[in-house]
1. Checking residue 192 against (1) surrounded by fewer than 17 Cβ atoms within 10 Å (Cβ to Cβ); (2) under 30 Å from residue 91 (Cβ atoms): exactly one of these is not met. Which one?
2. Pick out the one residue from 212, 156 that is within 16 Å of ligand 3 (Cβ to nearest atom), of a type outside the set (Asp, Glu) and under 21 Å from the mean Cα position of the chain (by Cα).
3. Looking at (1) touching a strand residue (DSSP E or B) at 6+ places or on another chain (Cβ under 6 Å); (2) aromatic (Phe, Trp, Tyr); (3) assigned to a loop (DSSP other than H, G, I, E, B), can you tell me which one residue 143 breaks?
4. With the checklist (1) farther than 30 Å from residue 369 by Cβ; (2) within 10 Å of ligand 1 (Cβ to nearest atom); (3) among the hydrophobic types (A, V, I, L, M, F, W, C); (4) assigned to a strand (DSSP E or B) in hand, flag the one item residue 180 doesn't pass.
5. Quick one: how many residues across the range 321-356 are more than 16 Å from ligand 2 (Cβ to nearest atom) and surrounded by fewer than 16 Cβ atoms within 10 Å (Cβ to Cβ)?
6. Conditions: (1) within 17 Å of residue 466 (Cβ to Cβ); (2) within 15 Å of ligand 3 (Cβ to nearest atom). Residue 353 meets all but one. Number of the miss?
7. Which residue pairs have Cβ atoms closer than 7 Å, lie 6 or more positions apart in sequence or on different chains, and pair a first residue in the range 461-479 that is assigned to a loop (DSSP other than H, G, I, E, B) with a second residue that is of a type in the set (Gly, Ala, Ser) and at pLDDT 95 or above?
8. Residues that are buried (at least 19 other Cβ atoms within 10 Å of the Cβ), without any contact (Cβ under 8 Å) to a residue 60 or more places away in the chain and of a type outside the set (Val, Ile, Thr): which helices (runs of 4 or more DSSP H) entirely in the range 202-319 hold 3 or more of them?
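The values are calculated or read from the model by the stated rules, or taken from the named source; none is laboratory data. Just so you know, these numbers come straight off a predicted model, no measurement behind them. Positions of Cβ are generated from backbone atoms using ideal geometry, with glycine treated the same way; all protein chains shown enter the neighbour counts.
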Amino acid sequence: MERPGRLLLLSELRVRNSAYDVSLSRSLLTWKRRISSPVYHPFRPSVCHSVSVSEIISVREEEEENICKRRDDGSWKKIKEREGKDCRQAFTVLYVERCPQHRWRCAEVTFTCSEAALCQRWVNSIREQLSAITSRPKQLLVYINPYSGKRQGKRIYEQKVAPLFAQAGVSTHVIATEHADYARDHLRTEAELKKFDGVVCVGGDGMFSEIIHGLIWRTQIDGGVDPNCADEALLPCSLRIGIIPAGSTDCICFATVGTNDPVTSALHIIVGDSQPMDVCSVHHNNIFLRYSVSLLGYGFYGDVLTDSERKRWMGPARYDLSGVKMFLTHHYYEGAVSYLPARGIMGTPRDAARCRSGCVVCQHNGKQLSEKAERYEMDEASESESEGEWRTIRGKFLAINAASMSCACPRSPKGLSPAAHLSDGTTDLILVRKCSRFDFLRHLLRHTSKDDQFDLNFVEVHRVRRFCFTPRHCQSDSDLDLRENGKHQIFSQICRDHPACGCAPAYSSWNCDGEILTHTAIDVRVQSNLIRLFARGIEEPTVFEDLTSPCAI
Ligand SMILES: Nc1ncnc2c1ncn2[C@@H]1O[C@H](COP(=O)(O)OP(=O)(O)OP(=O)(O)O)[C@@H](O)[C@H]1O
Ligand SMILES: CCCCCCCCCCCCC/C=C/[C@@H](O)[C@H](CO)NC(C)=O
Ligand SMILES: [Ca+2]
């Protein structure tokens, strides 16, 4: 429990019809029921509630007609206490209440004061404390994809999120996208970003991807950095991004908040949370392709995405159908993966510990990386040192996945790489070699159980800072050209390896956070802490048992 610190106010106020000692410090609002009788009463224990000031949404003065008094029979009736405008004697505090499974709700408590002046002092003091919190957004730019998930984005925003923003005094400029890439292009060129404290994305992972592409691009251009240049250090985005989940997978929201719930996300935005995140930049022959924050998947996940895009009309169920289809198809792909292992960092992909709110691994590695970057600037020779550390693995793979965070989602609550970190400057490279259908099923099913999906002899996982992939048949500059021109030759080669089907493709596609990449040969670098979300990482249950829930004293 947070220590209350110096008290700013301490009064006896009434909550419903009971007397409470209510206190306010810079960090806590506490209300503790007064014990009227010294005799121990087993059914009426003294109750103390505490709310961190940082989790108060707002305070409002109550209209007289909203003040309630208890009838003799125990029920409540609304009363009019006094005539006149300036004698409001009650105020309501709206605050974050934690519910099971990482959900947050907006709870409220009404305090009745003995006189209007006292009520005013309380309201003013709480408002002063709230306005001293500089991390809370006041103006937000909101993009809604009306076609995400089950096409409920607009309804979700209007019914669940907008009323909370209004109660918290957050102003918004809302834009419903008119076509794909609308939000990205608007952010790149038109949006007056100086007017806003953050950007809100109402949609799924694909929509989030549009937002980061627009914001990262704009930040580089405004800061004079060439976003296409693979070797240039990218500038971190100053605006935070909030995700209101309304898509099909919503894995970025799930892995950073712990649940896909629009109200919870709205509350994390209102209280001004901040979660830094790694972003992978993906290049082909030094040409920038895309950014990725969650999954870069070749083979199984690339094929699932390609197949599911044709079934968009089905909504979220498309992934299940395509998943089963691609599992049965059982295609493997040949190629070489080269990677630069992450050295001198805390944590491995096989750790039992998870990335959680205030993660020490992320903090330690972030510090380590920035010190290393400074050393690189002073001593360019060390760059060539890392050249010597490259490792290469060649083979036939059912899946090559890079998970820059756990990629937890409702389908797989522990995710593709359960021990991956949100902001440790690394990505977990998972290689699933060619194996039987039965073994691959074992691996897939372990994503949904407690068993370790990496503890199989055809699976390996490496924590890396950078990796490259080259498909086996990619010899020319552009494998895309090769794909277009050389289909016949490639297919005849592959069919020797697949005698049963005779038509297996030589190439898969990369699934980059739910978007298909146009090239198969890619060079991927982790850009540490490039963006920040209105989130705090997944909280440990012990953290939220302390605050807000009533604590019997
Ligand atoms: N107005 C629009 N019309 C059509 N497509 C749009 C529009 N706005 C955005 N898009 C595109 O829709 C695609 C899918 O959106 P989104 O990611 O929000 O939902 P989803 O695919 O259902 O969810 P998930 O990515 O979590 O699986 C994105 O690639 C985005 O670029
Ligand atoms: C045959 C049984 C199969 C069970 C397999 C369960 C494994 C589920 C793992 C899902 C991981 C999803 C990672 C998220 C990727 C997103 O970037 C992307 C866009 O939303 N979603 C998908 C499905 O590609
Ligand atoms: Ca990471």
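1. (2)
2. 212
3. (3)
4. (4)
5. Total satisfying the criteria: 8.
6. Every listed condition holds for residue 353 apart from (1).
7. From residues that are assigned to a loop (DSSP other than H, G, I, E, B), the pairs are 472/335; 474/521.
8. The helices (runs of 4 or more DSSP H) meeting that bar are 205-222.
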